[in-house]
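For reference, the structure discussed in these notes is given below.
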Amino acid sequence: AVRDEMVRFSFLDPVNGCIELITNKTQELPYTGWKILPHKRPLLLTKKDVDLFGSHYPIPPYCLVTIRANLTQYTEEDLSYAVPLKGIDSDIDIFINRSLEIETNNNTTVTGAASHQTRQLDISHRSEQQTVPLQCDIRKLRQLIVTTINNNYARLSDLIETCIRDITNEFFQVQLINESVKNNPTSEKLLKEFTSGMEWIDNQSDMVECCKKFLKVCQKMGGTFLIVSQNLKHEWIEATKQEM
């Protein structure tokens, strides 16, 4: 995570207080082409969870927000989206800041002038922008994805075993595993099914979609799996930039 400016505050309710993040405020700056999509409403951070951070839990409380941009000639190049905080003693807005920058395989920036290349981009609230080239060597991409899983295999396997039944159901719902694996799951079978499936995918869009399903399952599991999702996405993007 990137460290930003520190914000000091106190809860208005010292016992059962909470911070609410307001994502539907009228904006002063234009944000044409961008969408802010909370994963739930209301977005609340309770005082109880804030107080537990550090002494009992290593992960701070958080709210998930997906940021999406449509690459068209009308899309604002830079996003600065204000999110007011309610439930605290200060009148504070925090800002979601993103820049739109996509590269093609010949390093030429894709702009809105090429309207026929319009495509939707999924950008995590804490992640890098999509930097996988529009065209790439599918064999290299497949190898990069599988190698990342293999390099993290031991840690992934141990973590999956802690909640094998729940995560198996999630994998089955997004069709990443077959019914045989669902009925007799192990971490080895789940990871093997994912990496083996990659060998049968012969186009980039399907491969990226499969990876998104894997990451979304991790995000839905929450806790340490949320960190896993962020790290895997970062490793896939960085490896792709280096090798492609």
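The values are calculated or read from the model by the stated rules, or taken from the named source; none is laboratory data. Source: prediction; values computed, not measured. FYI the Cβ positions are ideal-geometry reconstructions off the backbone, even for glycines, and counts take in every protein chain you see. For accessibility, only protein heavy atoms count, side chains too; no ligands or nucleic acids. Shrake-Rupley method; radii C 1.70, N 1.55, O 1.52, S 1.80 Å.
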**Placed amide H near residue 71: partners under 5 Å, 5+ positions off or other chain** = 119, 121
**Prompt:** What is the spin-label model distance, in nm, from residue 10 to residue 153 if the labels are put 7 Å beyond Cα along the C-beta direction?
**Reply:** 5.6 nm
**Prompt:** By accessible area of protein heavy atoms, probe 1.4 Å, what ranking do 81, 62 get, highest first?
**Reply:** 62, 81
**Request:** Over the stretch 145-243, average the accessible area per residue using a 1.4 Å probe and give it in Å², no decimals.
**Result:** 54 Å²
**Complete:** Amide H contacts under 5 Å for residue 201, restricted to residues at least 5 apart in sequence or on another chain and with H modeled in the peptide plane, are none
**Item:** Accessible surface of residue 189 - all protein chains present, 1.4 Å probe, nearest 10 Å²
**Value:** 80 Å²
**Prompt:** residue 10 accessible area, nearest 10 Å², 1.4 Å probe?
**Reply:** 60 Å²
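Which pairs, out of 192/213; 212/233; 40/86, put more than 19 Å between their alpha-carbon atoms?
The answer is none of them.
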**Request:** Output the relative contact order of the stretch 1-101, whole-number percent, from Cα pairs under 8 angstrom with separation of 6+ residues.
**Result:** 35 percent
**Prompt:** What is the local net charge at residue 188, summed over the other residues whose Cβ is closer than 15 Å to its Cβ (Lys, Arg +1; Asp, Glu -1)?
**Reply:** +1
**Request:** On the full set of protein chains, 1.4 Å probe, figure out the accessible area of residue 156 and give it in Å² to the nearest 10.
**Result:** 10 Å²
**Request:** For 200, 236, write out the residues from largest to smallest accessible area, computed with a 1.4 angstrom probe and no ligands counted.
**Result:** 200, 236
